[in-house]
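A.B. asks: I have a structure I would like to understand better, so I am pasting it below and will then ask my questions one at a time.
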Amino acid sequence: MLIFVLNAGSSSLKYQLIHVQSGEIKANGIVERIGIDGILKHEIGKNKKITFELPIPTHKEAINFILHTLTHEETKIIDNVNEIKAIGHRVAHGGEYFDKSVIVNNSVLKKIEELIPLAPLHNPANILGMKICQEIMPSTPNIAVFDTAFHQTMPETHFLFPVPHEDYTQHHLRKYGFHGTSHHYVSNEAIKLLGNKKNSKIIVCHLGNGASICAVKDGKSLNTTMGLTPLGGLMMGTRSGDIDAGVIPYLMDKKGMDTHQIIDYLNKKSGILGVSGISSDLREIISAQKEGDERAKITINMVANRVKKYICSYSGLLSQADAICFTAGMGENSSLLREKSCEGLEFMGIELDKVKNNSLSSGIREISKKNSKTKIYIIPTNEELVIAQDTYKLIKDL
């Protein structure tokens, strides 16, 4: 069965066409610069890559052009769009409404709209993607898969903020967590590597431009680093992560910022970019460090120290983790970040094998020493497959 997976952003659309039973990616790509000049980067299988540059004024034109690319001429993968049996949409925020994926209808859309204040950059684009697909392909079911759903198993002890309780009951102020599909996928893969161990205790480090860590107990989220929004937790590409709350009014006063400006500052001008003054891309920071840039060195140490802090915290919460898993762009590709994040944790039974860690092998692999009490794995994430599988489960009997 072919599932079309769509991740709609404010000016971009990521997509994959997946044969869900085999997991084969028939085609994937991204449309960028929607509303400006438009670029479609399209990949067929693993070998054929094509780039189109053309005006793409709206998301509707973008989706129509993707479907055209899938069905026409040299990029043809399917004869017509009716071969797509369902569309799985990544949705950033499901609040407390959704603890699992759901078939999209008017009631679901209304609830997602109600959550826009909690995800003002993401939910509107996600809603737009769903509505356009309903219009273009009215007979094809749409499924909403939520970044927050996996974390709905967190107990109140871990999701409440230490503020007056009425702000939770009246204004939904709590930790929600994100990257749920990634944490779900990677922790499940780790459980398999552990021989389907019962009462498994796993720490997943999703380290990309956006980053979060999750403590997963027996396949369920126990705690995670991101909070009410994706701004909380780790230091990221351009996001500050956790800071003293007093920094916000202090900076607003000193720099004459309003609320929109301070949020922009913390979301888009901080993190790796802000500290290094070079880039939000860790690869560029590592290169600068090799050339002797002191701020680059400090930046790398800050990123790793915050990862290490949560590894220690969540190891304590779980009473010794069975496995630590590194995933996403930095987690999968930066041996230096993995090494620094595990450095000095031997007393906790976390022992990294530097030779394995520095290997250029790909795919799932163990990088811990043979006698390490806690296994250390690199597990490439596959969020799109999770979305496709959830979509299939909901529509297979329709």
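Every number here is computed from the coordinates shown, using simple stated rules; none is lab data. Computed from a prediction, not measured in an experiment: that's the story for all the values here. Quick reminder, even Gly has a Cβ in these numbers, built from the backbone with ideal geometry, and neighbours come from all protein chains shown.
A.B. asks: How high is the relative contact order of region 196-383? Use alpha-carbon pairs under 8 Å, at least six apart in sequence, and give a whole percent.
C.D. replies: For region 196-383, the relative contact order is 20 percent.
A.B. asks: May I pose another question? Please name whichever of Gly129, Ala211, Gly38 sits farthest to the positive end of the charge dipole of the chain, dipole taken about the Cα centre and charges placed at Cβ: Lys and Arg +1, Asp and Glu -1.
C.D. replies: Ala211
A.B. asks: Moving to a separate point now. Using a simple charge model, +1 on the beta-carbon of Lys and Arg, -1 on the beta-carbon of Asp and Glu, nothing else, what dipole does the chain show about its Cα centre, in debye to the nearest 20?
C.D. replies: Details: 46 positive and 43 negative charges, 212 e Å.
In total the dipole reaches around 1020 debye.
A.B. asks: Here's another thing I want to ask about it. Quick one: which of Lys340/Lys373; Lys308/Lys370; Lys48/Lys354; Lys41/Lys393 span more than 24 angstrom between C-alpha atoms? Don't skip to the end; give the middle numbers.
C.D. replies: Numbers: Lys340/Lys373 19 Å; Lys308/Lys370 21 Å; Lys48/Lys354 35 Å; Lys41/Lys393 29 Å.
As for pairs spanning more than 24 Å Cα to Cα, those are Lys48/Lys354; Lys41/Lys393.
A.B. asks: Quick one: helix 59-71 against the long Cα principal axis of the chain, what's the angle to the nearest 10°, folded into 0 to 90?
C.D. replies: Relative to the chain, helix 59-71 is tipped by roughly 70 degrees.
A.B. asks: Round to a whole angstrom and tell me the spacing of the C-alpha centers of region 27-57 and region 314-382.
C.D. replies: If we compute the Cα centre of each part, the gap is 35 Å.
A.B. asks: As I understand it, the dipole of region 216-268 uses +1 on the Cβ of Lys and Arg and -1 on the Cβ of Asp and Glu, about the Cα centre. Which of Gly237, Tyr250, Tyr265 lies farthest toward its positive end?
C.D. replies: Gly237
A.B. asks: Which whole number in µm²/s is D for region 150-227 by Stokes-Einstein, with the Kirkwood Rh taken over Cα pairs at 20 °C and 1.002 mPa s?
C.D. replies: Calculated translational D: 163 µm²/s.
A.B. asks: Taking the Cα centre of region 26-119 as origin and charging only Cβ (+1 Lys, Arg; -1 Asp, Glu), how large is the dipole, in debye to the nearest 20?
C.D. replies: For this selection, approximately 260 debye.
A.B. asks: OK, next. Using helices alone, I'd like the mean residue ellipticity at 222 nm for the chain: each DSSP H run of four-plus residues gives -39500 (n - 2.57), total over residue count, nearest 500.
C.D. replies: -11000 deg cm²/dmol
A.B. asks: If I fit a long axis through the Cα atoms of helix 383-395 and take the longest principal axis of the Cα atoms of the chain, what angle between them do I get, 0 to 90°, rounded to 10?
C.D. replies: Tilt relative to the chain: about 50 degrees.
A.B. asks: Which residue, Asn333, Asn82, Asn382, tops the fluctuation ranking in a GNM of the chain built on C-alpha contacts under 10 Å?
C.D. replies: Looking only at Asn333, Asn82, Asn382, the largest GNM fluctuation is found for Asn82.
A.B. asks: Considering the chain, what Rg and Dmax in Å follow from its alpha-carbon atoms?
C.D. replies: Gyration radius and largest Cα-Cα distance of the chain: 21.3, 61 Å.
A.B. asks: In the Gaussian network model of the chain, springs joining C-alpha atoms below 10 Å, which of His179, His42, His68 carries the largest mean-square fluctuation?
C.D. replies: For the chain, modelled as a Gaussian network with Cα springs under 10 Å, the answer is His68.
A.B. asks: Can you tell me the length gained on complete extension of the stretch Lys76 to Ile364, counting 0.36 nm per residue apart and subtracting the Cα distance?
C.D. replies: 100.5 nm
A.B. asks: Which of Glu156, Glu43, Glu73 moves most in a GNM of the chain, Cα contacts under 10 Å?
C.D. replies: Judging by the Gaussian network model, the answer is Glu73.
A.B. asks: Sticking with this structure for a sec: Relative contact order, percent, of the chain when contacts are C-alpha pairs under 8 Å separated by at least 6 residues? Don't skip to the end; give the middle numbers.
C.D. replies: On the way: 790 pairs, mean separation 54.1, N = 398.
Relative CO of the chain lands at 14 percent.
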